[in-house]
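The values are calculated or read from the model by the stated rules, or taken from the named source; none is laboratory data. Here the structure is a predicted model, which means the values were calculated and not measured. In this analysis, Cβ positions are derived from the backbone assuming ideal geometry, glycine residues included, and neighbour counts consider all displayed protein chains.
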Amino acid sequence: MGRYIHNKGDLSLSKLIENAKKLKNFWKAGALAIFIGVVRGETPNGGKVQKLEIEAYEEKAEEVIAGICEDLMKRTGIVDVQIHHFVGEFGVGEDLVYVLVAGSHRENVFPVLKEAVERYKREAPIFKKEFIIGGEGGLNAYWVSEKEYKD
């Protein structure tokens, strides 16, 4: 696996933070902001989610996410930007993505964190299949586009 797309469980939140703090220029950071995307148990129209399956066009996703991180690293006061998305099968409440932004001040990191999340969702070829519990208790599966509804 590459640097940005990981199998479920291959990267822990504590390891992510530890690695960021080991960067040679981390001494410039005064703020570290992290977004953790998790599996929501309900669809926007009230359906009950049992699980998600996440797939990626990995080579392209690696390229796109690397570009997003490199672009956002150019912002004033930003020390580090990392986006790590997991692929595999996930239950409700499990972590899907970690986005980390380190910067000089909190005023620097919050807008970049928001933009990093919006951009990976819009630009990276990562695909989500929802398994929804139907009215009769059966399971229905649907591929969902992030463009269909906002998380």
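Those residues that are under 22 Å from F86 (Cα atoms) and touching a residue at least 40 places away in the same chain (Cβ under 8 Å), I need them from region 31-43; list them, please. Listed by number, the residues that qualify are L32, A33, I34, F35, I36, G37, V38, V39, R40, G41, T43. Given the criteria buried (at least 16 other Cβ atoms within 10 Å of the Cβ) and out of contact with any helix residue (DSSP H, G or I) (no Cβ under 6 Å at 6 or more places or on another chain), does I83 qualify? So I83 does not fit the description; no.
Among the residues of region 32-46, the ones that are surrounded by fewer than 17 Cβ atoms within 10 Å (Cβ to Cβ) and either over 13 Å from the mean Cα position of the chain (by Cα) or modelled with pLDDT under 95 (or both) come to 7 in all. Checking each residue in region 15-24 for being within 29 Å of K60 (Cβ to Cβ) and either over 13 Å from the mean Cα position of the chain (by Cα) or part of a strand (DSSP E or B) (or both) picks out K15, I17, E18, N19, A20, K22, L23. Within region 60-83, being assigned to a helix (DSSP H, G or I), charged (D, E, K, R) and touching a residue at least 40 places away in the same chain (Cβ under 8 Å) holds for K60, E62. Pairing each residue of region 89-101 that is touching a residue at least 60 places away in the same chain (Cβ under 8 Å) and part of a strand (DSSP E or B) with any residue that is exposed (fewer than 15 other Cβ atoms within 10 Å of the Cβ) and of a type in the set (D, E, K, R), provided the two are 6+ apart or on different chains, yields C-beta distances under 7 Å for F90/K8. Can we say V49 is surrounded by 16 or more Cβ atoms within 10 Å (Cβ to Cβ), in contact with a Pro (Cβ under 8 Å, 6 or more places away or on another chain) and on the phi < 0 side of the Ramachandran plot? When the stated conditions are applied, V49 does not pass them. Cβ-Cβ distances below 6 Å connect the following pairs, each with a first residue in region 107-128 that is part of a helix (DSSP H, G or I), a second residue that is modelled with pLDDT of 95 or more and not aliphatic (A, V, I, L, M), and a separation of six or more residues or different chains: N108/G77; V109/G103; V112/R75; L113/F35; V117/F35.
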